[in-house]
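A quick write-up on the structure given underneath.
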């Protein structure tokens, strides 16, 4: 199962969890995600190095928080030395 399919499967589950708990705390900024507020499902391993990078290990994050983390990760990869000279 691809990551996108997995996210589609997990989103309804997280919608119920957020609604039943009157919200969720974004793990990146520690601010609340309220029921009905847009959110992304971000990989826990990106926020907490002690966790594994499994496709099912995702939690709600604010879209800005999630996408900022993705940009930072991409920028780190871009600073690595290329495998060969072009």
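The values are calculated or read from the model by the stated rules, or taken from the named source; none is laboratory data. Because the structure is predicted, anything quoted here is derived from the model rather than measured. Every residue, glycine as well, gets a Cβ built from its backbone with ideal geometry; the counts of neighbours run over all protein chains shown.
Residues of the range 5-42 that are under 18 Å from residue 69 (Cβ atoms) and at pLDDT below 80: 7 alone. Inspect all residues belonging to the range 47-59 and state whether any of them is outside any loop (DSSP other than H, G, I, E, B) and modelled with pLDDT of 80 or more. Yes: one or more hits. Within the range 21-44, being surrounded by fewer than 13 Cβ atoms within 10 Å (Cβ to Cβ) and touching a strand residue (DSSP E or B) at 6+ places or on another chain (Cβ under 8 Å) holds for one residue alone: 31.
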